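The values are calculated or read from the model by the stated rules, or taken from the named source; none is laboratory data. Since the structure is predicted, the reported quantities are computational estimates derived from the model, not experimental observations. Cβ coordinates were reconstructed from backbone atoms using ideal geometry, including for glycine residues, and neighbour counts include every protein chain displayed. Surface areas here come from the heavy atoms of the whole protein model, side chains and all, with no ligands, DNA or RNA. Shrake-Rupley method; radii C 1.70, N 1.55, O 1.52, S 1.80 Å.
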Amino acid sequence: MPQEKTIIISVGGSMIVPNDIDTVFLTQFKTLILDYVSRGFRFVLIAGGGKTARKYQNAANEITPLTKDDMDWLGIHSTRLNAHLLRSVFVHEAHPRIVTSPHDDIDWKESVLIGAGWRPGCSTDYDAVLIAKNLSISKLINLSNIDYVYTDDPRKNPEAKKIEKIEWKEFRKLIPSEWDPGLSSPFDPVAAKECEKIGMEVAILNGNNLENIRAYIDGQSFLGTVIYPNTL
């Protein structure tokens, strides 16, 4: 299968479980994926933890103060729960085993492969990047609930400007330098550092706009932020 026909998508937990499980999104997302599968595409879908992770982390930490590793493990298991949900949604198309280590020798013949969190110290963004590297995929789609990355938080700063294209070295100046469990960032700092190192392109798109995702995959005009390898 040509590399360009395999697409890796990091599906943010905010898409899968914004508050409750979003069956409307999952139904429409499945339709989108299967449409491209019928055209010969394959997909690697990495599930995030989102609010499920934060609810567990906040509840446990309220009762017993936790270490970062303990917080991370709650998040990791939340991603695995969401991954099992995706695996069930694509039960007839997906590889039977969920990938939990991006360094595994991944041998899959199915049209869909599902992945989840790996270990403390990073998010599923990083796992998606490492799996993409493992499978020699040079582009990654990151689905969240935002249309663009901004120069600052637009909810707090009305002067914040949307970003359509940006190099990794500039993007990394906009986000925290280190990973923290429950961090709310358009892209994990650890993943961003790895992307800059290996020269990966990442498109951050709003998962609620499925036609926009189609536009990106088809190479048409789309709304979103593309982070690309440094030119110098």
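The table for this structure:
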item: Residue that is farthest from Y228 (Cα to Cα), among those in the stretch 148-164 that are open to solvent by 80 Å² or more (accessible area, probe 1.4 Å) and in contact (Cβ under 8 Å) with a residue 60 or more places away in the chain; result: K162
item: Residue pairs meeting the criteria (Cβ under 8 Å; at least 6 apart or on separate chains; first at positive phi, in the stretch 101-126; second open to solvent by 10 Å² or more (accessible area, probe 1.4 Å) and of a type in the set (A, V, I, L, M, F, W, C)); result: G121/W179; G121/V190
item: The stretch 48-86 - residue that is surrounded by 16 or more Cβ atoms within 10 Å (Cβ to Cβ), among the small types (G, A, S) and free of Cβ contacts under 8 Å to residues at least 40 places away in the same chain and, of those, nearest to F187 (Cα to Cα); result: G50
item: Verdict on H95 being touching a Phe, Trp or Tyr at 6+ places or on another chain (Cβ under 6 Å) and either open to solvent by less than 20 Å² (accessible area, probe 1.4 Å) or closer than 29 Å to K5 by Cα (or both); result: yes
item: Positions within the stretch 18-32 being surrounded by fewer than 22 Cβ atoms within 10 Å (Cβ to Cβ) and not hydroxyl-bearing (S, T, Y), in sequence order; result: P18, N19, D20, I21, D22, V24, F25, L26, Q28, K30, L32
item: Residue, surrounded by the fewest Cβ atoms within 10 Å (Cβ to Cβ), within the stretch 107-126, restricted to residues that are assigned to a loop (DSSP other than H, G, I, E, B) and among the polar types (S, T, N, Q); result: S111
item: Subset tally (residues that are under 17 Å from the mean Cα position of the chain (by Cα) and basic (K, R)) for the stretch 193-213; result: 1
item: Helices (runs of 4 or more DSSP H) (entirely within the stretch 167-232) containing at least 1 residues that are open to solvent by 50 Å² or more (accessible area, probe 1.4 Å) and closer than 22 Å to F29 by Cβ; result: 210-217
item: Count of the stretch 127-138 residues which are among the charged types (D, E, K, R) and buried (at least 24 other Cβ atoms within 10 Å of the Cβ); result: 1
